[in-house]
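Participant: Before anything else, here's the structure in question.
The values are calculated or read from the model by the stated rules, or taken from the named source; none is laboratory data. The model shown is predicted, which means the values in this text are computed figures rather than measured ones. Using ideal geometry, Cβ is built from the backbone for each residue, glycine included, and neighbour counts are taken over all protein chains shown. With ligands, DNA and RNA removed, areas are computed over all heavy atoms of the protein, side chains included. Shrake-Rupley method; radii C 1.70, N 1.55, O 1.52, S 1.80 Å.
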Amino acid sequence: PVRKRKVVIGLPEPWLGQQDWGVLNGLSLNFSSQTHRLNALKWYVDQAISKWNSLNPQHLELAGFYWVPESAYISQ
């Protein structure tokens, strides 16, 4: 290719009120808590970046992340 192709990764929405997502750093996450939802999103982004870096694609560039729900007012 003439230039690297840009890739955008979609962020899954942490559903408000979900209580069975799993454990992160020893804490069982409850998505009724905004802090827990943000922690889960941070974990997801960190994992995606780590995986991307380990793959080290030659012809692709990670351009960013996309908030799939497109609106934050629903996801308070």
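Participant: Kindly evaluate G64 against the criterion of being out of contact with any Cys (no Cβ under 9 Å at 6 or more places or on another chain), of a type outside the set (A, V, I, L, M, F, W, C) and not in a loop (DSSP other than H, G, I, E, B).
Facilitator: Numbers: out of contact with any Cys (no Cβ under 9 Å at 6 or more places or on another chain): yes; of a type outside the set (A, V, I, L, M, F, W, C): yes; not in a loop (DSSP other than H, G, I, E, B): yes.
Answer is yes for this residue.
Participant: Quick one: which residue in L41, L24 is hydrophobic (A, V, I, L, M, F, W, C) and in contact with a Phe, Trp or Tyr (Cβ under 7 Å, 6 or more places away or on another chain)?
Facilitator: Result: L24 is the single residue among L41, L24 that is hydrophobic (A, V, I, L, M, F, W, C) and in contact with a Phe, Trp or Tyr (Cβ under 7 Å, 6 or more places away or on another chain).
Participant: Which residues, taken from the stretch 1-17, are open to solvent by 60 Å² or more (accessible area, probe 1.4 Å) and either within 14 Å of the chain's Cα centre (by Cα) or not basic (K, R) (or both)?
Facilitator: Of everything in the stretch 1-17, those that are open to solvent by 60 Å² or more (accessible area, probe 1.4 Å) and either within 14 Å of the chain's Cα centre (by Cα) or not basic (K, R) (or both) turn out to be P1, V2, V8, P12, W15, L16.
Participant: Being in contact (Cβ under 8 Å) with a residue 12 or more places away in the chain and among the β-branched types (V, I, T) is true for just one of V68, V2, V23. Which residue is that?
Facilitator: Result: V68 is the single residue among V68, V2, V23 that is in contact (Cβ under 8 Å) with a residue 12 or more places away in the chain and among the β-branched types (V, I, T).
Participant: If you don't mind, another one. Working only within the stretch 29-49, note down all residues that are within 14 Å of E13 (Cβ to Cβ), of a type in the set (F, W, Y) and at pLDDT 95 or above.
Facilitator: Once the filter is applied, which keeps residues that are within 14 Å of E13 (Cβ to Cβ), of a type in the set (F, W, Y) and at pLDDT 95 or above, the stretch 29-49 yields only Y44.
Participant: Right, next: Looking at the stretch 3-39 only, could you name the residues that are in contact with a strand residue (DSSP E or B) (Cβ under 9 Å, 6 or more places away or on another chain) and under 14 Å from F65 (Cβ atoms)?
Facilitator: K6, V7, V8, I9, G10, L11, E13
Participant: Among the listed residues Q58, Q47, identify the single one that is open to solvent by 40 Å² or more (accessible area, probe 1.4 Å) and assigned to a loop (DSSP other than H, G, I, E, B). Spell out the reasoning first.
Facilitator: Numbers: Q47 fails: assigned to a loop (DSSP other than H, G, I, E, B).
Just one listed residue meets the conditions, Q58.
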